[in-house]
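J.: Pasting a structure below so you can have a look.
The values are calculated or read from the model by the stated rules, or taken from the named source; none is laboratory data. All figures in this text were calculated on a predicted structure; none of them were measured in a lab. Methodologically, a virtual Cβ is constructed for each residue, glycine included, from the backbone with ideal geometry; neighbour enumeration extends over all protein chains shown.
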Number of protein chains: 2
Amino acid sequence: MRLSTKGRYAVTAMMDLAVHQDTGPVTLADISRCQGISLSYLEQLFAKLRRQGLVKGVRGPGGGYRLAKPPRDISVADIILAVDEKVDTTLCEGQENCQGGKRCLTHELWNNLSQQIYDYLAQINLEEFLSRPSVREVIERQGEGGQHRHEHEVRRFTLA
Amino acid sequence: MRLSTKGRYAVTAMMDLAVHQDTGPVTLADISRCQGISLSYLEQLFAKLRRQGLVKGVRGPGGGYRLAKPPRDISVADIILAVDEKVDTTLCEGQENCQGGKRCLTHELWNNLSQQIYDYLAQINLEEFLSRPSVREVIERQGEGGQHRHEHEVRRFTLA
DNA sequence: CTTATAGTTGACTGATTTGCTCAGGATTAG
DNA sequence: CTAATCCTGAGCAAATCAGTCAACTATAAG
């Protein structure tokens, strides 16, 4: 599992679809404008999301993209795996120059940790995430006034 | 925060140091041999880990690297942040063509999620991780097996 | 003191990934 | 029809990844 800006783009875009689920399809042009990503790049990302069965495209005027499944059935891990190719594992493969087998355990330790991170992200689905109080607060704050927020809040931990 | 093979290398290497904490410093050459990473690449990674105060170098024969702090004070998030540069945030900057401000909330949603992932990784420190039953099992299973030693360890043993 | 070990640093390089442009299709609402 | 929108593919510049090479410094061992 890899976590980069690519995955972030995909996740934020999917959140966008989830939030506007009842207000019709969302066009890539809108997402592009709002998130500052190029349209063609978004098209590539959505091609993957579509191939993984996470979104459905609606063609023609008034079209756009919508979620292919209820938000409950889409996890953050699903989204990230859809756009980020899996990474090779480059094991040491138990080479005999590994000293007494005592050191190569780190691979297993990583596997252990890696699985945990995956499980954590797999357990967060869009519905659950959007229904959290802290998240709802953000959504409602945006909904009420037309004021543009999101000044440069210190974004120390951009998972990207 | 980014999660890639680079971060994985760093984390597994740090686990290595933590496991062999009482058996003296671990050389990059050993880690290189066992994990199949090039020595020079490891040197670059450890230069960053060192600058962040996570490891200390011990020069001269019998030297190597050791943890600069007790394993309890080193989190997985620390390690990953040390080697992975932070990424630009590419905000939408509150452009007025964001439709009623209603769509740009996805940035904040991402921040929310991002913070959670960070918190999750920040709460896993090396000591706690290595003491987990499932992890200890891996370590002990490796420890008992084929014990053919290398000249290195023989030499280090006679020193002590 | 001399030497071998091992960290430290920096310049450089090829491969891959990222993010993007351009150029065209295909599909459908009005 | 026409315009909006998805869809597809080729191609490309920049960044990052992963590694090589080459020198240097500090230190323990003999």
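J.: Quick one: which of A:LYS56, A:LYS6 is within 12 Å of DNA strand C (Cβ to nearest atom) and without any contact (Cβ under 8 Å) to a residue 60 or more places away in the chain?
T.: Matching residue, one of A:LYS56, A:LYS6: A:LYS56.
J.: While we're looking at this one, here's another question. Only one residue in A:ARG2, A:ARG72, A:ARG59, A:ARG33 is within 12 Å of DNA strand D (Cβ to nearest atom) and surrounded by fewer than 18 Cβ atoms within 10 Å (Cβ to Cβ), so which one is that?
T.: Matching residue, one of A:ARG2, A:ARG72, A:ARG59, A:ARG33: A:ARG59.
J.: Return the pair list, or none, for Cβ contacts closer than 6 Å from residues in region B:125-139 that are surrounded by 13 or more Cβ atoms within 10 Å (Cβ to Cβ) to residues that are outside any helix (DSSP H, G or I) and of a type in the set (Gly, Ala, Ser), at least 6 apart or on different chains.
T.: B:ASN125/B:SER75
J.: Taking region A:36-53 as the search range and keeping residues that are more than 11 Å from DNA strand D (Cβ to nearest atom) and without any contact (Cβ under 8 Å) to a residue 24 or more places away in the chain, which one is nearest to the chain's Cα centre (by Cα)?
T.: For region A:36-53, the residue satisfying everything is A:GLY53.
J.: Mind listing whichever residues of region A:5-29 are surrounded by fewer than 18 Cβ atoms within 10 Å (Cβ to Cβ), within 14 Å of DNA strand D (Cβ to nearest atom) and part of a helix (DSSP H, G or I)?
T.: Residues satisfying the conditions are A:THR5, A:THR23, A:ALA29.
J.: While we're looking at this one, here's another question. Could you count how many residues in region B:9-46 are touching a strand residue (DSSP E or B) at 6+ places or on another chain (Cβ under 8 Å) and within 9 Å of DNA strand C (Cβ to nearest atom)?
T.: 6
J.: Could you tell me whether any residue of region A:85-95 is at pLDDT 65 or above, surrounded by 15 or more Cβ atoms within 10 Å (Cβ to Cβ) and not aliphatic (A, V, I, L, M)?
T.: For region A:85-95, residues at pLDDT 65 or above, surrounded by 15 or more Cβ atoms within 10 Å (Cβ to Cβ) and not aliphatic (A, V, I, L, M): absent.
J.: Still on this model: Hey, can you tell me all the residues within region A:2-13 that are facing another protein chain (nearest Cβ under 9 Å) and within 17 Å of A:GLU127 (Cα to Cα)?
T.: Within region A:2-13, A:VAL11, A:THR12, A:ALA13 qualify.
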